[in-house]
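To start, the structure itself, in structure tokens.
Just so it is clear, none of the values below were taken in a lab; they were calculated from the coordinates. Please read all numbers here as calculations on a predicted model, not as lab measurements. All Cβ positions, even for glycine, are placed from backbone atoms using ideal geometry, and neighbour counts span all protein chains on display.
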Amino acid sequence: MRVAWLVSGGSVLTATALFFLVATQQLPLSDWPRAWSEARTINEIILVYGMLPRAAVAILAGAALGLSGALLQQLLRNPIADPSTLGISAGAQLAIVIATLFYPDVVDGSRTSVALFGAGVAAAIVFALGWRASFEPVTMIVSGLLVGVTSAAVSAALTLAQGEYLMSLVTWNGGSLSQQDWAVTNALSVELFVASALTALLIRPLLLLGLGDSSARSLGVNLKGVRFGVATIATMLAGVVAANVGLISFVGLAAAAFVRGCGVRRGWAIISLSPLAGGIFLWLCDGLVQAVAGVTGETFPTGSITALVGGPILLWLLPKVRTLSVSAQSNRPAVRVPLSKGIMVFFALLPIIVAFAYFLANTGQGWVFLSLSDAADLAPLRWPRLIAAAGAGGLLALTGAILQRLTGNPMASPEVIGVSGGAGLGFAAALSLVPTAGPYTLVIGAATGGFCAMVAVLAFALRQNMPAGKLLLTGIAVSSLSSSVLAVLMAAGDQRAWQILAWIGGTASAATPATAIFLALLAVSVLGLAMTMIRWLTLFPLGIPTAKSLGVPVGVSRALILALCGLATGAASVLVGPLSFVGLIAPHIAIRAGFISARDHLVASFLLGSIIMAFADFGSRTLTFPYELPLGLFAAMVGAPYLVWLVGRR
């Protein structure tokens, strides 16, 4: 406890020292009084209207997010509840992006209202999903993170499709605290004061909720009213911060965790001290950003730095999350379908896929069927991307089916348990270490990153004896951490940033005949290797003890399976990007269709993934013509809602 308080005092001193270090470089301290009374020179104006309000905004925004996180954690009795983990901040982000692109006049006058609307819709969806499971912590966090993923995918797709707004939206999405006057400071001050006053009115019934619903009801607490009021305050705080400074993640999570780390246990004290901790935390992060910018000249959004801290904190807190035993509805049908029928359906769909890819086009004025000569002229441009997309979809779907059988978790997929996020780190590492990296170097880097992330997630989950639900949270935490690293690299603004940005969206337009053939051959080879592991994948869902008793070499088999999944995900992610959820959708559809055995499940998932991604490539290329939507994000806009629906059913 003493160490925690020393860290707290050290954080305050460090944040203060960093501020004065950067500010005095702009203007000597002796000139501050004159600048405050009458700023005339450029340096005086920057100090009074830029640096001072920026520090105030950092403290106020951090305090608002700290209070929001503490309220949500007390309300849900969940130590990892936060506006970012519950998808509230991402909902506000999506609303502002949509309004900026399509209704700019609305944003100019009602930016806060737009953000509050988006945050409110996201919160309503998450709480509606959690209500069916009595707000069980894992269900709430998985629902929130998936709502956040959906919102982020749509936001990124819209941002990339509108090139004229690209850099401004990328900077805002990263959480920039730059200021030009005191307007944001004044607005945040008023809103934080109002939220604090409302919190004081609800603090007693909120604390009584911690005794349990029955006890709180017997003491006269209006359960629905208190929950609605507290959730509204927390959502309002997150929406207001998002409207004024952009997307800043995990501040509420870090603030409340730090307060508890200092030995504070009473609910009212945690709620009271979390705003202070949040303000210091964000001010410290912003001071580090400005100090680094002063030394290196590189400017990073402050939100990307706070997100770097959030991933490890989330991993640290996962073992403390209580889990309820919730019976899952089986996806397995009563009747098994022969694999031959699935293969026949696949070949029956091939002519339709080819017809859509080659002959159907959107001219911007409407849909037309191309003539045979026009289709032949465009064939050299379209067949590489079609084959590459189908190969990537098959690889991701096959990986999802393998991971579901390996972990015994029907919601596992390369996107959900952090494999795609790790592939992104490997991709970025290859770009940084090998400036002239070609496609094969990038594939190796992404495959290595995906393999390492998968091993780390599974090792952490096994060491903590985590149930299936927490495995998802672990993977999503790793994905959040990798996304933060990529955001920091993108903020540099060099050529590497543009390559990472293109990878995040995923596009098949860069596919060449060589890369398309490579992906297709790799997909078939990985499928063939997976067929040699059928016995292992049949026995693993029965449990590790059973598999060992039947002669499965668990250590060797796991290593080989993980290496195969890392290679497949890394190769596919270079084309598709980190988000698509094909690895989740295809295996589920295959099981529901009746392909139950390990062999049938893997082959059917592979074929379905190829079909889904081929159609996704057609949609991303034509639906928003002349703009092309990113391939992976287009698929994610369908896949993420499917996963949210699946969580709601469970």
Ranked by Cβ crowding within 10 angstrom, fewest neighbours first, how are T85, T100 ordered? T100, T85
Apply the Karplus parameterisation 6.51 cos²θ - 1.76 cosθ + 1.60, with θ equal to phi minus 60°, to every residue of the range 344-358 and state each ³J(HN,Hα) to the nearest whole Hz, in sequence, with x for glycine and proline. 5, 5, 4, 5, 5, 7, 4, x, 5, 4, 5, 4, 5, 5, 9
Give me the compactness ratio for the range 2-317, meaning the Cα radius of gyration over 2.2 N^0.38 Å. 1.00
Amide H to amide H, which residues 5 or more places from L360 or on other chains are under 5 Å from it, using H placed in the peptide plane? L370
What ranking of V554, V57, V226 emerges when the number of other C-beta atoms within 10 Å of each C-beta is taken as an exposure proxy, fewest first? V554, V226, V57
Once you have the Cα-Cα distance between S525 and I45, take 0.36 nm times their residue separation minus that, and quote the gain in nm to one decimal. 166.5 nm
